[in-house]
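Trainee: Structure below; questions to follow.
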Amino acid sequence: MGSSRIVWSITAMMLQTDKESLPDDESYDLVIGMLLLTDQIDVALKYIDLTLKSGYILSINVFTECVRNCVNKGRLDTLALVIERCKKMDQNKALCPPRNLCNCIANVAMEEDSSEMQKKPILLSVDEGLVVFVLGTTGRMYNAKLLDGSWAILKRALHQKKVPNPESYLAKIYTHASLGNLQKAFSTLHEFETTYRNFTKEAEEDLLFPFTSLYPLVMACSKDGFVTLDSVYYQLENLSQADPPYKSIAALNCIILGCANTWDVDRAYQTFETIDGAFGLIPNIHSYNALKCAFVKLNMTSEASSVFDHLINKGVKPNSTTCSLFVNTHLVK
């Protein structure tokens, strides 16, 4: 209680001084520091504002303590305002929170985001795991600028010594899909597949799963019905004839499941047929499951059962989704 009275006495004296004896930057630093130590953040912010308006340089110690107080109190909007004001002044634009506080700021920001991704990303390292969370947030906030910035930070942090982990690519695909930028979403998928072209079949089926990890892309493809689905298909067809060609079974599976989502079984079947015909690829378990899903949605139980029999005859190993669809088929019967 006594320290608060001292602070208030000093601040009152500073405000009552005449123009010939205005407080200097050290005076402001002293008062702001004392206010922050006594948890009087709002009053401290007023004096920070006065410091900046007076053209003084805000000391790094006061700035860091302000950041720490705002983070501890969950005052991220206030902190953003302070940083924005500092950036507008040449003498204060270089101020930046220490690295450990940057991590704290990001963690608090993530906790305040009430939405959660379908699949929680693996924290591969403190830095990259944090960027994965940020990428997920950009998708929910529809913030393309934040997406570009966070991806640039990730690439810089890796120092070209390693490539981004699969979870980072999936988060970026999710964000572009949420923003409705299908061209960039499929471009990221292309980069992902190129980077990890040598991963095992098991890893490929787990990571490029249209029912979970790539489902945001499926939803984006089917948002406007056959118009978007056809547009994406023709782009993939053109890319398959480019030099070098790009042929992606994962991308085609997204279209098949997108057709299922729009109850368009004919387009789903036609796209499935082009996997082997036009693209020269071999359908995988996700291809069969996506086609089977289209038949199940329209209660075409005999056709759905035929898809199951066909994949068994081809020696394709069913997965949990196959079994679930198989059960649904017979429940409909």
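Trainee: Of K73/K155; K93/K161; K161/K184; K161/K317; K88/K184; K162/K223, which sit over 28 Å apart, Cα to Cα? Spell out each step's value before the answer.
Mentor: Values: K73/K155 32 Å; K93/K161 31 Å; K161/K184 24 Å; K161/K317 37 Å; K88/K184 33 Å; K162/K223 35 Å.
Cα-Cα > 28 Å for K73/K155; K93/K161; K161/K317; K88/K184; K162/K223; rest within.
Trainee: I need L50, L35 ordered by Cβ neighbour count within 10 Å, fewest first. Don't skip to the end; give the middle numbers.
Mentor: On the way: L50 16, L35 27.
Arranged by neighbour count, lowest to highest, L50, L35 become L50, L35.
Trainee: Then there is this: Which one of F226, F295, A251 has its Cα pushed farthest toward the positive end of the charge dipole of the stretch 193-333, where Lys and Arg give +1 and Asp and Glu give -1 at the Cβ?
Mentor: Projecting each Cα onto the dipole axis, the largest value belongs to F295.
Trainee: Hey, what's the Cα Rg ratio for the stretch 212-333 versus the globular rule of thumb, 2.2 N^0.38 Å?
Mentor: Numbers: Rg = 14.0 Å, N = 122, 2.2 N^0.38 = 13.7 Å.
Normalised Rg, Cα atoms only: 1.02.
Trainee: Within the set of other residues whose C-beta is less than 13 Å from the C-beta of L179, count the net charge using Lys and Arg as +1 and Asp and Glu as -1.
Mentor: Numbers: positive: R140, K145, K172, K184, K223; negative: D148.
With Lys, Arg at +1 and Asp, Glu at -1, the net is +4.
Trainee: When only DSSP loop residues count, what chymotrypsin sites (Phe, Trp or Tyr not before Pro) in the stretch 245-329 have their Cβ near at most 14 other Cβ atoms within 10 Å?
Mentor: Counting only loop positions with at most 14 other Cβ atoms within 10 Å, the chymotrypsin sites (Phe, Trp or Tyr not before Pro) in the stretch 245-329 are W263.
Trainee: Right, another one. Using DSSP to call loops (not H, G, I, E or B), can you name the trypsin sites (Lys or Arg not before Pro) in the stretch 173-267 whose Cβ has at most 12 other Cβ atoms within 10 angstrom? Don't jump to the answer; show the numbers that get you there.
Mentor: Details: sites: K184, R197, K201, K223, K247, R267; in loops: R197, K223, K247.
In loop regions of the stretch 173-267 (DSSP not H, G, I, E or B), the sparsely surrounded trypsin sites (Lys or Arg not before Pro) are R197.
We did not get these values from a lab; they are worked out from the coordinates using the rules stated. Since the structure is predicted, the reported quantities are computational estimates derived from the model, not experimental observations. Glycine also receives a Cβ, built like all others from the backbone with ideal geometry; neighbour counts cover every protein chain displayed.
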